[in-house]
Amino acid sequence: MREMGKQGRTVLVVSHDLSTITRLCQRTLLLEKGRVIADGPTGEVVSRYLHAGSEASCAREWPDRENAPGNDAVRFRAVRIHNDLMANTNVMDISKPFRVELEYEVLRPGLILAPHFGLYNKEGTLLFLAYEFNRTWRDCPRKIGKYISQGIVPGDLLTEETYFVSAFCRTLGTRDVDIEEHNAVTFQVVESEGDNSARGTIEGHILVLSGRC
């Protein structure tokens, strides 16, 4: 398809495979019931497709405290995803690290908190949980105020797919805080073209096989 495009031909790719669309196309159209509902740069249209019918995107914020997930002790105020350039985007390069950011507000002093996030695939399978490991606050009660906890996911860890991030915050040893905000944000991992790509000239899905001896 690339060779045909280089010859000056117009190539129309119709697919639900976001990895292929993101890798091959600079311009994308999103159809719904035969009608064009989005037409523009691929990254923007893929972002709209990913959170169509849901509130999930690459950033979720709750400016109104009363409507934010939580209780009278702690409330989430935002969940965000940043790429390696600290930009909010739904499309992540498979070889680059990205950052998950949890912003929350402590309303009651003296709580020992364990903020963390879970990464899920599109089938809803939990891939891993990542807990805050900040020595400043580990096993220490927090004062009233706003906090940001961040986790960095290294490059070359995930395969091309759609992923969802759920945000959690709990108190250690008590049930004062037990917040769960499932599928708060979503993003797509793609492998870009270039010298560092493991894909090379291979198109379509690449499966990662694992085994144990």
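The values are calculated or read from the model by the stated rules, or taken from the named source; none is laboratory data. Model, not experiment: these values are computed from the prediction. Glycine gets a Cβ as well: all are built from the backbone with ideal geometry, and neighbour counts include every protein chain shown. What goes into the accessible areas is simple: the full protein's heavy atoms, side chains included, and nothing from ligands, DNA or RNA. Shrake-Rupley method; radii C 1.70, N 1.55, O 1.52, S 1.80 Å.
Just a few scattered comments:
- Selection within the stretch 174-188 - β-branched (Val, Ile, Thr) and either modelled with pLDDT under 90 or within 9 Å of the chain's Cα centre (by Cα) (or both): Thr174, Val177, Val185, Thr186
- Residue in the stretch 84-93 that is farthest from Glu180 (Cα to Cα), counting only those that are touching a residue at least 40 places away in the same chain (Cβ under 8 Å), open to solvent by 10 Å² or more (accessible area, probe 1.4 Å) and assigned to a strand (DSSP E or B): Asp93
- Single match in Thr22, Thr28, Thr10 (criterion: part of a strand (DSSP E or B) and of a type in the set (Ser, Thr, Tyr)): Thr28
- Residues of the stretch 73-83 include none that is surrounded by fewer than 18 Cβ atoms within 10 Å (Cβ to Cβ) and part of a strand (DSSP E or B).
- Just one residue in the set Leu18, Leu31, Leu24 is over 30 Å from Lys146 (Cα atoms), open to solvent by 40 Å² or more (accessible area, probe 1.4 Å), touching a strand residue (DSSP E or B) at 6+ places or on another chain (Cβ under 9 Å) and at pLDDT below 90; that residue is Leu31.
- Within the stretch 1-15, the set of residues being modelled with pLDDT under 80 and loosely packed, with under 10 Cβ neighbours inside 10 Å comprises Glu3, Lys6.
- Residue match in the stretch 40-51 (condition: touching a residue at least 12 places away in the same chain (Cβ under 8 Å) and assigned to a loop (DSSP other than H, G, I, E, B)): yes
- Inter-residue pairs, beta-carbon under 9 Å, first β-branched (Val, Ile, Thr) and in the stretch 123-147, second assigned to a loop (DSSP other than H, G, I, E, B) and exposed (fewer than 12 other Cβ atoms within 10 Å of the Cβ), 6+ apart: Ile144/Pro109
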